[in-house]
1. Among the residues that make up segment A:127-144, is at least one of them at the interface with another protein chain (Cβ under 9 Å from one of its Cβ atoms), among the hydroxyl-bearing types (Ser, Thr, Tyr) and either closer than 16 Å to A:ARG32 by Cα or surrounded by 15 or more Cβ atoms within 10 Å (Cβ to Cβ) (or both)?
2. Counting just the residues of segment B:132-165 that are at pLDDT below 90 and part of a loop (DSSP other than H, G, I, E, B), which one comes out surrounded by the fewest Cβ atoms within 10 Å (Cβ to Cβ)?
3. So, in segment A:27-50, exactly how many residues are part of a helix (DSSP H, G or I) and more than 9 Å from chain B (Cβ to nearest Cβ)?
4. Restricting to helices (runs of 4 or more DSSP H) lying wholly in segment A:160-269: which have 2 or more residues that are among the polar types (S, T, N, Q) and under 19 Å from A:LEU102 (Cα atoms)?
5. Can you pull out the residues in segment A:163-184 that are out of contact with any helix residue (DSSP H, G or I) (no Cβ under 7 Å at 6 or more places or on another chain) and free of Cβ contacts under 8 Å to residues at least 60 places away in the same chain?
6. Filter segment A:78-97 down to the residues that are surrounded by 14 or more Cβ atoms within 10 Å (Cβ to Cβ), part of a helix (DSSP H, G or I) and touching a residue at least 60 places away in the same chain (Cβ under 8 Å) and list them by number.
7. I'm trying to understand the selection: among the residues of segment B:192-221, which are out of contact with any Ser or Thr (no Cβ under 9 Å at 6 or more places or on another chain) and either surrounded by 18 or more Cβ atoms within 10 Å (Cβ to Cβ) or assigned to a strand (DSSP E or B) (or both)?
8. I want to confirm something. Restricting to segment B:34-45 and keeping residues that are among the aliphatic types (A, V, I, L, M) and buried (at least 19 other Cβ atoms within 10 Å of the Cβ), which single residue is farthest from B:LYS96 (Cα to Cα)?
Amino acid sequence: MVGKLFKYEFASYLRTWLPVQIIMLGIAALGRFVQFFEADTTVYKIIFGSSVVVYALSIIVSFVLTGILCIVRFYKNLFTGEGYLSFTLPVTPAQHILIKLLATVAVEIGTFIVALTSVCIITSGELFNEILKAIAYLTNMATDILGTHLVLYVIEFIFMLIMASVCGTLLIYGCISIGQTFNKSRVGWAVGVYFIYYMICQIAGTVFATVITLFYDKLPLNNILEWIEANPNAAIHIFLCSFIVIYLITAVIYYAVSYFIIKRKLNLE
Amino acid sequence: MKKILRITSLILAIVLCCLGLVSCNALDDMRRHHGNWTDDRDILLDGVKYVKLPPNDYFSPLPDTSDNVISVTEEGVPVLLSSMFSDGYGYFTEDKALIYFVTYTDDSWYYCREDLYEVTVARMNSEFIAEGYCYNYYDYEEETDKIYYLTMDEAEAVAEVKNTVKPTEIPASTEIYYDYTIYLYECTADLNFKKEVFELCSNDGRYCIVDNYGSAPLVYPVPDEYSSVFESIFKEYINAEGYWDEEFYYEDEFGVA
């Protein structure tokens, strides 16, 4: 059942997501086509500049639309009239959240890959070859300096990005879940919860920075900085892994909020 | 849906294959300004070798700084990374026979096209014979350094003032402020060899020559009959440089012959 639900979830995403990506690829191809007529004239510069601007906007729209699509799918499918059907299925609330999360992350990764493909299209030809050469040169240089640490950094960084995506998605799910507990203006309440949470994080961050500044002399920060200077590779690994752990912990908290509300405080329209 | 995807992929693949045939003018331009060091630290740029010239006190052809900067890197650096990994920045002279390259460690050298190297070195080794006067200035409109070569009348007027007017010796610690100061060079007619000789200074329509190369600065006030000539010398400089808001403090003693 879970597999089928995931398949249909994915299919419903694709119905809206796919045309947007095709349009983005088409705009990239058009932008590259314009370069067939490359010339040192004002007309060409205007047209080429416009094509680049439109292309950049298409990438932004694609990412924004993906985010909106994921939010709307979660809210509509679980907390509106559709929710009555969704919760009659033999699927637990945990599975509902997980399926939505996996589909969202998959679609976000898909958007990123399509955006990269569109960059390849718009730069195709000599420019793309030179970009590949530049990347290869920098990679060789980084390998000479970092050795095997480079591969680990890349893996940790990719994992950190995926965790950041998961964490961000679950945060939004948590806000939507809290918002739906109210009878009126649920979306407004969800947005409000998000902003309150954001403000609390900002205040906590400011307090933390102030405490660090005030007690700078008493804290062993110099020792830490010396250690980082002496062990840069280890320091970067610890930095990346710390972020992965932080994202994991916060993701679990946001998941727990969504799970608890869906299981105990469901308030369908 | 699958049919649409297949057709879309096919069109994209065809387009991608065709687009690979198109070259990029911007890249070609970057390649023309990206040189490589040879084994003996000469420059290979756009298929032409430029050989490092020996140092010379007077050899200073003017680089064309309006053109794009030339970057020089080790062999193998991709053209997109040329400015990032360049050891400095360089400029062609207007005839593209020479490159003026400044490293990030503040060394600067001239490099000559290989086929002109022998001729240029022979010229550098020959005696410096001044054929006129000139000064450098920056043209903000064209965004490049320029040289103004004094006309025969202007050069004669400068020489006349320097040779006939009795100078006033200024204490070495004195600071003198002028509206405009031109560093004047003796130079060859082709402007490739220059030797700084003295300064021409102007304040509110009055002019003087300042010689700082002796034991103490000497000021040669310009007589009124030469004012119009000196005004024409300064014209190009003033037009290009704009107004300098500095005061002239040496007013009381200025003008004493």
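1. Within segment A:127-144, one or more residues are at the interface with another protein chain (Cβ under 9 Å from one of its Cβ atoms), among the hydroxyl-bearing types (Ser, Thr, Tyr) and either closer than 16 Å to A:ARG32 by Cα or surrounded by 15 or more Cβ atoms within 10 Å (Cβ to Cβ) (or both).
2. In this case the residue turns out to be B:GLU141.
3. 15
4. A:232-264
5. A:GLY168, A:LYS184
6. A:LEU78, A:PHE79, A:GLY83, A:PRO93, A:GLN95, A:HIS96, A:ILE97 - these are the residues of segment A:78-97 that are surrounded by 14 or more Cβ atoms within 10 Å (Cβ to Cβ), part of a helix (DSSP H, G or I) and touching a residue at least 60 places away in the same chain (Cβ under 8 Å).
7. Within segment B:192-221, B:LYS195, B:GLU196, B:VAL197, B:PHE198, B:ASN203, B:ILE209, B:ASP211 qualify.
8. For segment B:34-45, the residue satisfying everything is B:ILE43.
The values are calculated or read from the model by the stated rules, or taken from the named source; none is laboratory data. Model, not experiment: these values are computed from the prediction. Counting neighbours? That spans all protein chains shown, and the Cβs are built from the backbone with ideal geometry, glycine included.
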